[in-house]
1. Tell me the helices (runs of 4 or more DSSP H) entirely within segment 105-189 that contain at least 3 residues that are among the basic types (Lys, Arg) and over 24 Å from Arg81 (Cα atoms).
2. Which residues, counting only those in segment 11-60, are of a type in the set (A, V, I, L, M, F, W, C), surrounded by 11 or more Cβ atoms within 10 Å (Cβ to Cβ) and in a loop (DSSP other than H, G, I, E, B)?
3. So, in segment 160-190, how many residues would count as being under 13 Å from Thr108 (Cα atoms) and not small (Gly, Ala, Ser)?
4. Anything in segment 89-104 that is in a loop (DSSP other than H, G, I, E, B) and either at pLDDT below 90 or among the small types (Gly, Ala, Ser) (or both)? List them, or say none.
5. Out of segment 71-98, which residues are without any contact (Cβ under 8 Å) to a residue 24 or more places away in the chain and charged (D, E, K, R)?
6. Out of everything in segment 144-175 that is crowded, with 18+ Cβ neighbours inside 10 Å and β-branched (Val, Ile, Thr), what residue ends up being modelled with the highest pLDDT?
7. Cβ-Cβ below 9 Å, separation at least six or inter-chain, first residue in segment 26-38 and under 12 Å from Val67 (Cβ atoms), second of a type in the set (Val, Ile, Thr) and modelled with pLDDT under 95: which pairs?
Amino acid sequence: MPAGVSRNKDKKDRSLYRERVLAALEEAGFTLAEAPFKRDENRFFSAKLLYPSLFDTGAGLRPHIRVEMSLKAPILEPIFRPIASLIGMAQQAAREVAAFPCVNPVETAADKLSALAWRVHARRRGTPDDDPTIIRHLHDLAALKFMVTASAEFVELVVKAAAEDRGRGGKATVSITPQEMFHAMLERLATDPLWEIEYRDYVRQVSFRSTLPAPTI
């Protein structure tokens, strides 16, 4: 089969798979908030799902569930983790899923660090496209800190993720190297007090703790 034909078939197959996933979610009772976003010849897509909320949400939380899927093999070997609901844990019941294949958290952390870097550099507060929900990446990275520091593959994974994200962020990132972008991110997070305020507000909304630790950059 010619390369061009095979490429178009693969792209169509990924599109059909995306439609099957979204149809299954809608059959389960979810409603799409808007048309799904897709890129990289359908190797990636994201969809916003509406859901009822009983509480007000702050700027750091999305008002919807966002499902993202990358149709490519992970770099590191998947790891298997159990899945348990909060209700089941409170009742000390057996885990609903004994073992589920997951992307290695070190690989996830590398992707999140790269995403945080270009988003922090590109962000301009007060503009129509400002996205305060990017603070979630900092919160997730704090949770993954100890796994990352024990990993020999993390630096290489970050370099690869940054290369794949090159150019994302538009004009704000097009002429900056990954090294410069990571340095600028650390400096901005450490010196801009609004980031700490946003972080505390985000954690307050997703945590049951009465006291909240401040982020350490």
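1. Helices (runs of 4 or more DSSP H) meeting the threshold: none at all.
2. The answer is Phe30, Ala33, Ala59.
3. 1
4. Selection gives Ala93, Ala94.
5. Within segment 71-98, Arg81, Arg95, Glu96 qualify.
6. Val158
7. Phe30/Ile65; Phe30/Val67; Pro36/Val67
The values are calculated or read from the model by the stated rules, or taken from the named source; none is laboratory data. The structure displayed is predicted, hence computed values, not measured ones. Methodologically, a virtual Cβ is constructed for each residue, glycine included, from the backbone with ideal geometry; neighbour enumeration extends over all protein chains shown.
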